[in-house]
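Here's the structure we're looking at; comments come further down.
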Amino acid sequence: MNSYTPTREEAFALLKKYNSKEGLIRHALSVESVMGHFAGLFGEDPETWKIIGLVHDLDYEMYPDEHCHKCVELFEAHNWPKEYIRAVVSHGWGICTDVKPETPMEKTLYAVDELTGLVASAALVRPSKSILDIKAKSVKKKFKDKRFAAAVDREVIKKGTAFLEMDLNELITEVIAGMRPVAEEIGLKGNL
């Protein structure tokens, strides 16, 4: 068993080593915050969950064709724990990996990853351009419009709601709550 536990600072440095695009960094910060929020809801360790959220797309910018595969090599080179690596790989289940999310942390990452993108997009088209005043109802309306944020995989979000045994409205509400603490860092404080 690997006894090394990466710190948040190490995780962020690793993320920045392989990712420079502002949009990807903001997405990583969004997912980090949301994972911490859900860890609190489920009585789990927020620090571990946040680190997984922060680095879940580690290989996406530099190795998009090897997403969720190249990261294994990158994490192993830095001696990351196997359960962290598995959690990251499992968020690509059915898309680019066959590693099915099994733990609460894995299921949560799978459920919230795509949804954070939809919530961010929905916030940006509001007059306020803010996550701080958006409601689940607005996001749900955008969810139904397949042309809005078309790259967001709605089927993954639906599977994620089933994994977490939550309805879509509840999941959206909690994702919004999880993103609000980092509104400024992710460019969604808006003009409130």
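Just check segment 1-46 against the gyration tensor rule for me: Cα atoms, a ≥ b ≥ c as the square roots of the eigenvalues, rounded for a/c under 1.5, and otherwise prolate or oblate depending on whether a/b exceeds b/c.
Values: a/c = 3.56, a/b = 1.23, b/c = 2.89.
Oblate.
Taking only Cα atoms, what is the 0 to 90° angle, nearest 10, from helix 154-164's long axis to the longest principal axis of the chain?
For helix 154-164, the angle is close to 70 degrees.
What length, rounded to one decimal in nm, is gained on full extension from Lys16 through to Met62, with 0.36 nm per residue of separation minus their alpha-carbon distance?
Between Lys16 and Met62, full extension yields 15.4 nm more.
Of the candidates Leu115, Leu164, Leu54, which one comes out as most mobile in a Gaussian network treatment of the chain with C-alpha springs shorter than 10 Å?
Among Leu115, Leu164, Leu54, the largest mean-square fluctuation in the Gaussian network model of the chain belongs to Leu164.
What does the C-alpha gyration tensor say about the overall shape of segment 1-105? Classify as rounded when a/c is under 1.5, otherwise prolate if a/b is larger than b/c, or oblate.
Since a/c stays below 1.5, the shape of segment 1-105 is classed as rounded.
Going down the list Lys100/Lys129; Lys16/Lys137; Lys129/Lys158; Lys21/Lys70, which pairs span over 29 Å between their C-alpha atoms? Write out the running numbers ahead of the final one.
Details: Lys100/Lys129 35 Å; Lys16/Lys137 34 Å; Lys129/Lys158 26 Å; Lys21/Lys70 18 Å.
In this structure, Lys100/Lys129; Lys16/Lys137 exceed 29 Å between Cα atoms.
Separation between the Thr7 and Asp133 pseudo-spin-labels, each 7 Å from Cα along Cα→Cβ, expressed in nm?
The modelled label-to-label distance comes out at 4.0 nm.
Taking θ = phi - 60°, what integer Hz values does the Karplus form 6.51 cos²θ - 1.76 cosθ + 1.60 yield along segment 135-152, in sequence order, with x for Gly and Pro?
10, 4, 4, 5, 5, 4, 5, 5, 4, 6, 8, 4, 7, 7, 6, 4, 6, 6
Using the crude model of +1 on Lys and Arg Cβ and -1 on Asp and Glu Cβ, and no other charge, please compute the dipole size for the chain relative to its Cα centre, in debye to 20.
Computed about the Cα centre, the dipole is about 1040 debye.
Taking the convex hull of the Cα atoms, report for segment 8-182 its projected area averaged over all directions, in nm².
With the hull built on Cα positions only, its mean projection is 9.3 nm².
Taking θ = phi - 60°, what integer Hz values does the Karplus form 6.51 cos²θ - 1.76 cosθ + 1.60 yield along segment 57-70, in sequence order, with x for Gly and Pro?
Ordered by residue, 3J(HN,Hα) equals 10, 3, 8, 5, 6, 7, 9, x, 7, 10, 3, 6, 10, 4 Hz.
Can you bin segment 45-131 into rounded, prolate or oblate? Criterion: square roots of the alpha carbon gyration tensor eigenvalues sorted a ≥ b ≥ c, rounded for a/c under 1.5, prolate for a/b above b/c, oblate for the rest.
In terms of gyration-tensor shape, prolate.
For the Cα atoms of the chain, what angle does the longest principal axis make with the long axis of helix 22-42, in degrees from 0 to 90, nearest 10?
Taking Cα atoms only, the helix is inclined about 90 degrees.
Please report how far the C-alpha centroid of segment 30-50 lies from that of segment 141-192, rounded to the nearest whole angstrom.
16
Using the basic label-point model (7 angstrom from Cα toward the beta carbon), what is the Thr97 to His78 distance in nanometres?
Here the modelled spin labels are 1.5 nm apart.
Compare the Cα positions of Ile95, Met166, Leu58 along the charge dipole of the chain (+1 at Cβ of Lys, Arg; -1 at Cβ of Asp, Glu; about the Cα centre) and return the one farthest towards the positive end.
About the Cα centre, the residue reaching furthest to the positive side is Met166.
Every read-out reported here was derived from the displayed coordinates using simple, explicitly stated rules and does not represent laboratory data. Just so it is clear, the model here is predicted, and its values are computed rather than measured. In this analysis, Cβ positions are derived from the backbone assuming ideal geometry, glycine residues included, and neighbour counts consider all displayed protein chains.
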